[in-house]
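Below you'll find the structure, written out as structure tokens, and then a few comments.
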Amino acid sequence: MQQPEKVLVEAHPSVAIVYCATNPLNLLMAVYDEGYRGGKGPYPLAANLIGGNPDIKHNDKSPLEVLVREVEEEFDPNFQKQHPHTNQFNQEVVWAHPNDIGFIQRHILGNLAPLQDFYVQAQEFGLGTASYSAIYSAFLSGISKHAFDIARSNLANGKTLTTEGLSGIFSLVQLEQDPREEFATAHATAPIINYFLNSGIPYPEQIQATPIGEPRNTFQEYLRDFEYSRQVKPNHNNPQKLDPSFHETVFGKQE
């Protein structure tokens, strides 16, 4: 009997919905800075879920490992010791106190729970966007009101919490009624939050996100149903640079 063809996947980010445990309608989110994708397209200054992608320099074995590493790297209380006035991109910042950053990091990591995997299909719809298929492994982290208020206070005073990009506090109503409409959030952020909160954040019709079950324990387990792309593509921030294939990024070079 012929085996069914596996679904091709070109990316597999791990993301977290970080919310106030006493009021899940208030969210702590990442925000792309003005230079994201060369400042082109709809996503600079758009809200995004906290997290990131597998990195070829690391040996991440699972979506959860990717997310933990990303949170540790982004909310890093020790980073400012070597970089007292700049972030990872050498942009000038005013840091929050490292104790505050460490407190928020510990609360995010200490409250992680799996939500859902989403199979995401996106079609290019203009400058700064791309066509791709991906799995988004989504997790939840309901942090204490105290941790949430520490983040809110620092952001209100112009303090930086993360080593790259920006951060923001958003209510669900803000995201649903933002004048930027479907461009208030980036990529698959809106459908993932909508799944969790049964909300109505608008997003482009060119992005489709289908729930496919809870995140799996290892990347290897996804190979039962999916095939990670072996195609080499230009880097989206620097098209002159070629990124390794996504299969190589996750599993390393194959002999």
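The values are calculated or read from the model by the stated rules, or taken from the named source; none is laboratory data. None of the values given here were measured: they were computed from a predicted structure. So basically every Cβ, Gly included, is an ideal-geometry build from the backbone, and we count neighbours across all protein chains shown.
For region 163-178, the count of residues that are over 17 Å from Ser133 (Cβ atoms) and touching a Lys or Arg at 6+ places or on another chain (Cβ under 9 Å) is nonzero. Among the basic types (Lys, Arg), farther than 20 Å from Ala209 by Cβ and either under 15 Å from the mean Cα position of the chain (by Cα) or surrounded by 19 or more Cβ atoms within 10 Å (Cβ to Cβ) (or both): is that true of Arg106 in this structure? No: the conditions fail for Arg106. Before we move on, is Pro202 modelled with pLDDT of 95 or more, touching an Asp or Glu at 6+ places or on another chain (Cβ under 9 Å), within 16 Å of Gly51 (Cβ to Cβ) and not β-branched (Val, Ile, Thr)? Here the answer is no, as Pro202 does not meet what is asked.
The sole residue among Tyr32, Tyr19, Tyr43 that is aromatic (Phe, Trp, Tyr), within 17 Å of the chain's Cα centre (by Cα) and farther than 30 Å from Gln240 by Cα is Tyr19.
Conditions (1) touching a helix residue (DSSP H, G or I) at 6+ places or on another chain (Cβ under 7 Å); (2) modelled with pLDDT under 95; (3) of a type in the set (Phe, Trp, Tyr), marked per residue:
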position: Val18; (1), (2), (3): yes, no, no
position: Gly41; (1), (2), (3): no, yes, no
position: Pro44; (1), (2), (3): yes, yes, no
position: Leu49; (1), (2), (3): yes, no, no
position: Val71; (1), (2), (3): yes, no, no
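Hey, any hits in region 216-224 for a residue that's more than 18 Å from Ser62 (Cβ to Cβ) and either aromatic (Phe, Trp, Tyr) or at pLDDT 95 or above (or both)? Checked region 216-224: no residue is more than 18 Å from Ser62 (Cβ to Cβ) and either aromatic (Phe, Trp, Tyr) or at pLDDT 95 or above (or both).
Note on region 137-149: residues that are in a strand (DSSP E or B), more than 27 Å from Ser229 (Cα to Cα) and touching a Leu at 6+ places or on another chain (Cβ under 8 Å) amount to 3. Across region 186-203, the qualifying residues are those that are of a type in the set (Ser, Thr, Tyr) and either closer than 18 Å to Tyr119 by Cα or touching a His at 6+ places or on another chain (Cβ under 8 Å) (or both), and the one among them that is surrounded by the most Cβ atoms within 10 Å (Cβ to Cβ) is Thr189. Scanning region 88-136 for residues that are assigned to a loop (DSSP other than H, G, I, E, B) and of a type in the set (A, V, I, L, M, F, W, C) gives Phe89, Val93, Val94, Ala96, Phe125, Leu127, Ala130. Quick check: is even one residue across region 96-103 of a type in the set (Gly, Ala, Ser), touching a Phe, Trp or Tyr at 6+ places or on another chain (Cβ under 7 Å) and at pLDDT 95 or above? Among the residues of region 96-103, not one is of a type in the set (Gly, Ala, Ser), touching a Phe, Trp or Tyr at 6+ places or on another chain (Cβ under 7 Å) and at pLDDT 95 or above, which makes the answer no. So, of the residues in region 74-87 that are surrounded by 14 or more Cβ atoms within 10 Å (Cβ to Cβ) and not in a loop (DSSP other than H, G, I, E, B), which turns out to be nearest to the chain's Cα centre (by Cα)? Filtering region 74-87 for residues that are surrounded by 14 or more Cβ atoms within 10 Å (Cβ to Cβ) and not in a loop (DSSP other than H, G, I, E, B), the one nearest to the chain's Cα centre (by Cα) comes out as Glu74. For region 38-58, filtering for residues that are out of contact with any Ser or Thr (no Cβ under 9 Å at 6 or more places or on another chain) and touching a residue at least 12 places away in the same chain (Cβ under 8 Å) leaves 4.
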